[in-house]
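Colleague: Provided herewith is a single structure, encoded as structure tokens, for subsequent inquiry.
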Amino acid sequence: MQNRKWLRRGILAECLLLVLTGVFYFRQEFRVTQTNAEPDGKKEYIRWVEFHPTEELMTQAYRLDVETYDKPVHLCWIDLLAWLAAKHGGEFPSGCAKELDKFAEELISGETTIEKATADMKYYSYYKEAYEAVLGGFVGEYRIQCADEAGKVQWKECYGIKAFSPIAKGFYYNDYDDFGASRSYGYARPHLGHDMMGQIGTPTGI
């Protein structure tokens with residue numbers, strides 16, 4: 001009887017150890033790889049992303065992008081942010097601004113390239129894809145109409161921020177800042193969006 005009792009305890013202890021090991025492994029894999037393979041062998045897709053770039057770093061990366069647009073080496077702000085994220089595990093500790101400036105100088109001078117600098121970074125491609133999903137389309141080429149000295153309206157080619165409010169001017173909408181709020185539909189995750197709720201039929205600016 002005593003042996004059975006200890007046997008049950010041993011089995012329970014082993015089960016608990018296996019469960020804890022599995023949970024720890026899953027959390028680590030989920031945090032680092034943050035991907036999920038399709039059962040039919042299709043391309044993996046990102047289910048989770050921790051987006052921590054500061055406003056200052058995004059502004060710095062954006063300015064480097066714009067300032068080098070028509071230069072021999074054009075720096076992509078998403079590539080720069082993904083490089084920093086891959087280097088620091090998705091975090092952006094103090095000192096990143098200086099690192100970014102130094103890295104930009106190396107790229108512009110030809111000392112290195114983004115391909116060479118990220119060749120050994122295991123998760124650079126992940127961060128690039130994830131950040132592209134968040135920031136893609138915000139910066140790029142666009143055209144605006146402007147009048148010349150004679151008053152003739154012409155199209156002007158521009159490069160820079162081209163994102164704008166998706167709600168047409170003059171239409172009411174309710175803005176709810178729930179970016180990062182907990183979600184459980186499909187799987188536990190933070191909400192990576194910003195809800196802007198308008199009436200049915202409201203035209204959008206996209």
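Colleague: Within the stretch 77-90, can you find the residues that are open to solvent by 10 Å² or more (accessible area, probe 1.4 Å) and farther than 17 Å from SER109 by Cβ?
Modeller: If the condition is that a residue be open to solvent by 10 Å² or more (accessible area, probe 1.4 Å) and farther than 17 Å from SER109 by Cβ, then TRP77, ALA86, LYS87, HIS88, GLY89 are the ones that fit.
Colleague: Still on this structure, I have one more. Considering the stretch 47-86 alone, what residues qualify as being under 13 Å from ILE114 (Cα atoms) and part of a loop (DSSP other than H, G, I, E, B)?
Modeller: Result: VAL73, HIS74, LEU75, CYS76.
Colleague: Okay, moving on. Restricting the search to the stretch 113-146, which residues are of a type in the set (Phe, Trp, Tyr), in contact with a helix residue (DSSP H, G or I) (Cβ under 7 Å, 6 or more places away or on another chain) and not in a helix (DSSP H, G or I)?
Modeller: Across the stretch 113-146, the qualifying residue is only TYR123.
Colleague: Here's a follow-up. Quick one: in the stretch 157-187, of everything that is among the charged types (D, E, K, R) and part of a loop (DSSP other than H, G, I, E, B), which residue is most open to solvent (accessible area, probe 1.4 Å)?
Modeller: Filtering first and then ranking leaves LYS169.
Colleague: When you check GLU141 against the structure, is it modelled with pLDDT of 75 or more, open to solvent by 90 Å² or more (accessible area, probe 1.4 Å) and over 22 Å from MET58 (Cα atoms), yes or no?
Modeller: no
Colleague: Determine whether GLU149 is in a strand (DSSP E or B), loosely packed, with under 13 Cβ neighbours inside 10 Å and among the charged types (D, E, K, R).
Modeller: Working: in a strand (DSSP E or B): no; loosely packed, with under 13 Cβ neighbours inside 10 Å: yes; among the charged types (D, E, K, R): yes.
Criteria not met by GLU149.
Colleague: Can TYR172 be described as modelled with pLDDT under 90, farther than 20 Å from PHE51 by Cβ and of a type outside the set (S, T, N, Q)?
Modeller: Taking the combined requirement at face value, the residue satisfies it.
Colleague: Check whether at least one residue in the stretch 162-181 is aliphatic (A, V, I, L, M) and touching a helix residue (DSSP H, G or I) at 6+ places or on another chain (Cβ under 8 Å), and report yes or no. Quick ask: steps written out before the conclusion?
Modeller: Our first condition is that a residue be aliphatic (A, V, I, L, M); within the stretch 162-181, this holds for 163, 167-168, 181.
After this cut, where a residue has to be touching a helix residue (DSSP H, G or I) at 6+ places or on another chain (Cβ under 8 Å) as well, the list is none.
Within the stretch 162-181, none of the residues are aliphatic (A, V, I, L, M) and touching a helix residue (DSSP H, G or I) at 6+ places or on another chain (Cβ under 8 Å).
Colleague: Within the stretch 94-129, which residues are open to solvent by less than 40 Å² (accessible area, probe 1.4 Å) and either over 20 Å from GLN60 (Cβ atoms) or modelled with pLDDT under 90 (or both)?
Modeller: TYR126
The values are calculated or read from the model by the stated rules, or taken from the named source; none is laboratory data. These figures come from a predicted structure and were not determined experimentally. Cβ atoms come from the backbone with ideal geometry, glycine included; neighbour counts cover every protein chain shown. Surface areas here come from the heavy atoms of the whole protein model, side chains and all, with no ligands, DNA or RNA. Shrake-Rupley method; radii C 1.70, N 1.55, O 1.52, S 1.80 Å.
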